[in-house]
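Some notes on the structure that comes next.
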Amino acid sequence: MKNTLKQVFHSGKFVAGFGILVFILLLMLIYPLFNPGNPLERIGVGTFAAPGTYVSVYDSISAEKEILRLSDADDKRLAQMMSMEDRVSMIAWFTAMDIDVTGLDMNDTDALLEMWRANYDDSARPAGMTKSKRNFYARLNNTINDASTAEALSVTEVDLATGEATDVGQIGKTDYVNINAVANVKTLPLGTDNFGRDVLKELVSACGTSLMIGVIAGIVATIIGLMLGLLAGYLGGVVDDIIMFVTNIFTVIPSFVLLILISYSLGQDQRGASTVAVVIGLTSWVWTTRSVRSQVISLRNRDHVNLSKLSGHSVMKIIMKDILPYIASYVVMAFILQVSSGILAEAQLSLLGLGPKTTEVPTLGLMMNWAMLYSAHLNGSWWAYFPVILTIALISFSLNLMNTGLDQVFNPTLRD
């Protein structure tokens, strides 16, 4: 056993896959210690808040301020204030006024503003331009001028009882607040999802749930496949014919179609994570059965097996002591592949809306489903789905890399 483990951990592919999987497992265990709580808790009212650090505006007003005079502050403020739609509209105004914009880059804020200030005339009436559009340009011009000239913003306190507003202070353009002086600061490395939930916190929890589903599905599928394969391969005859007849029926029916039908028939309320995992396992044992059977057939007439038969050992004892140890490495590899297949099957089911119910725990597939339903891929909210895709790919890649490494160790034909 010690020598076998030594050989396994000398396989570069196995070690690489094992390292990736251990990293994911450690992240699942450690991150909740720093960010505890319900992963499905809604912390945002809006949807798809971008990744970053969020500071309470309310608390920053009362925090101690310092005056910093940064030379490029106004330029950055204007560049952020002007949306791409505003920039396109400004180019459209220049074109309507027959102003040459050749070589002008709309992303160059300084050049765009310089041309705008030099040419904009609120009394101009470009041909074909509606009054509402002219009013839009007037408001845009006022906004640009106010941002350039205003030195402070007034802070108003509203009495909820009377509705009266009272000026309580001003915020200058040169006033800055140290982030450590603000009472409430929240860092969201992956932003929030369509429900306003912390994506990273949700992803860590979903990763653990999906791995649990994969492991349960792998155990169920491997046990069923191993038992049927051992019996069919060793006993042969009528038992083999019956088992292979059932196996061939399940082979003809696509397992994923069967999985969809069973999941749909259960209903949403009955589809917990464990239930979905068992259903996946019950529909994915076929190839394990066929593979184990072929391995057992090659072993059942070996000398040590015949010797056990002549010694009068029971069928169960022969299978457990003289056959199973010789295919144990293959069973482990089959289990690893079943775990990977289980995780992918859950993701596919959830994308179709047939995964675990959404009110208890998140899964990687459910996160993909939520992102798709709320069009995260269309509105540019990459953080709601790309980390999930990457996590699924990393888990599957690590498990398949481990399987390849084990195959090289235990399969003599693949050794260097």
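Hey, which lysines would be in cross-link range of LYS317, C-alpha to C-alpha under 17 Å, not counting anything within fewer than 8 residues on its own chain?
Those lysines meeting the cut-off are LYS309.
Restricting things to Cα coordinates, could you compute the convex hull volume per residue of segment 28-86 in Å³?
205
Using r as the Cβ-Cβ distance of LEU153 and THR53, and R0 as 22 Å, what FRET efficiency do you calculate, to the nearest 0.05?
Taking R0 as 22 Å, the efficiency between LEU153 and THR53 is 0.50.
ASN107 to ALA161: FRET efficiency via 1/(1 + (r/R0)^6), r the Cβ-Cβ distance, R0 45 Å, to the nearest 0.05?
Plugging the Cβ-Cβ distance into 1/(1 + (r/R0)^6) gives 0.40.
Could you tell me the distance between the Cα centroids of segment 338-416 and segment 100-117, to the nearest Å?
Between the Cα centres of segment 338-416 and segment 100-117 lies a distance of 46 Å.
Can you tally the net charge around VAL88? Count Lys and Arg as +1, Asp and Glu as -1, for every other residue whose Cβ sits under 15 Å from the Cβ of VAL88.
Here the count lands on -2.
Just need log10 I(q)/I(0) for the chain at q = 0.11, 0.13 Å⁻¹, Debye formula, equal scatterers on the alpha-carbon atoms, no solvent, rounded to two decimals.
Log10 of I(q)/I(0), two decimals: -0.98, -1.17.
Using a simple charge model, +1 on the beta-carbon of Lys and Arg, -1 on the beta-carbon of Asp and Glu, nothing else, what dipole does the chain show about its Cα centre, in debye to the nearest 20?
Dipole of the chain, to the nearest 20 debye: 2620 debye.
Size of the dipole of segment 218-306 about the Cα centre, Lys and Arg at +1 and Asp and Glu at -1 on the beta carbon, nothing else charged, in debye to 20?
Result for segment 218-306 is approximately 140 debye, rounded to the nearest 20.
Binning at 5 angstrom from zero up to the longest distance, how are the C-alpha pair distances of segment 322-416 distributed in percent?
P(r) over segment 322-416, rounded to whole percents: 2, 13, 17, 17, 14, 10, 9, 8, 6, 3, 1, 0, 0.
With each run of n ≥ 4 DSSP H residues scored as -39500 (n - 2.57), what mean residue ellipticity at 222 nm is computed for the chain after dividing by its residue count and rounding to the nearest 500 deg cm²/dmol?
Using -39500 (n - 2.57) per qualifying helix, the result is -20000 deg cm²/dmol.
Expressed as an acute angle from 0 to 90° and rounded to the nearest 10, what is the orientation of the C-alpha long axis of helix 386-410 relative to the principal long axis of the chain?
So the inclination is approximately 30 degrees.
What longest range of the chain stays clear of loop-exposed trypsin sites (Lys or Arg not before Pro) (DSSP non-H/G/I/E/B, at most 12 other C-beta within 10 angstrom)?
By the stated rule (loop sites, at most 12 other Cβ atoms within 10 Å), 70-414.
Each residue of segment 302-317 in order: what ³J(HN,Hα) in whole Hz does its phi give by Karplus 6.51 cos²θ - 1.76 cosθ + 1.60, θ = phi - 60°, with x for Gly and Pro?
5, 4, 5, 6, 4, 5, 5, 5, 5, 7, x, 5, 5, 4, 4, 5
List the lysines whose Cα sits under 28 Å from the Cα of LYS13, skipping any in the same chain fewer than 8 residues away.
LYS2
Could you give the angle, 0 to 90 degrees to the nearest 10, between helix 12-34's Cα long axis and the longest principal axis of the Cα atoms of the chain?
50
Could you tell me which residue out of LEU235, ASN180, THR222 lies farthest along the dipole of the chain toward its positive end? Charges go on the beta carbon: Lys and Arg +1, Asp and Glu -1, centred on the Cα centre.
LEU235
In percent, what relative contact order does segment 155-264 have, based on Cα pairs under 8 Å that are 6 or more apart in sequence?
About 9 percent, as a whole number.
Can you return the lysines within cross-link range of LYS76? Criterion is Cα-Cα under 16 Å, with same-chain partners fewer than 8 residues away left out.
LYS173
Among MET367, MET316, what is the fewest-to-most ranking by other Cβ atoms within 10 Å?
With the sparsest Cβ surroundings first, the list reads MET316, MET367.
Can you list, largest first and rounded to whole Å, the semi-axes you get for segment 192-261 by taking the square root of 5 times each eigenvalue of its Cα gyration tensor?
40, 15, 5
Can you sort SER298, SER71, SER255 by how many other beta carbons sit within 10 Å, fewest first?
Fewest-to-most ranking of SER298, SER71, SER255: SER71, SER298, SER255.
From Cα pairs below 8 angstrom and at least 6 apart in sequence, can you work out the relative contact order of the chain, rounded to a whole percent?
Answer for the chain is 26 percent.
With point charges of +1 on the Cβ of Lys and Arg and -1 on the Cβ of Asp and Glu, referenced to the Cα centre of the chain, which listed residue (TRP370, LEU282, VAL296) lies farthest in the positive direction of the dipole?
Positive-most Cα among the choices belongs to VAL296.
From the phi of every residue in segment 335-349, what ³J(HN,Hα) in whole Hz does the Karplus formula 6.51 cos²θ - 1.76 cosθ + 1.60 yield, where θ is phi - 60° and glycine or proline is x?
5, 4, 5, 5, 4, 4, 5, x, 5, 5, 5, 5, 4, 5, 4
When the chain is fully extended, how far beyond the present Cα-Cα distance does ALA393 get from MET129, taking 0.36 nm per residue of separation?
Result: 89.8 nm gained on full extension.
I need the per residue convex hull volume for segment 146-199, using only the alpha carbons, in cubic angstrom as a whole number.
That works out to 206 Å³ per residue.
What is the Cα radius of gyration of segment 57-183 over 2.2 N^0.38 Å, N being its residue count?
1.36
Calculate, in whole percent, how much of the Cα-Cα pair population of segment 271-318 lies beyond 12 Å.
71
On a 0 to 90° scale, report how tilted helix 109-119 is relative to the longest principal axis of the chain, with both axes built from alpha carbons and the result rounded to the nearest 10.
Value to nearest ten degrees: 30.
Read-outs throughout are calculated quantities, based only on the coordinates presented, and are distinct from any laboratory measurement. A quick note: this is a predicted structure, and the numbers were derived from the prediction, not measured. With ideal geometry, Cβ positions are generated from the backbone for all residues, glycine too; neighbour counts draw on all protein chains shown.
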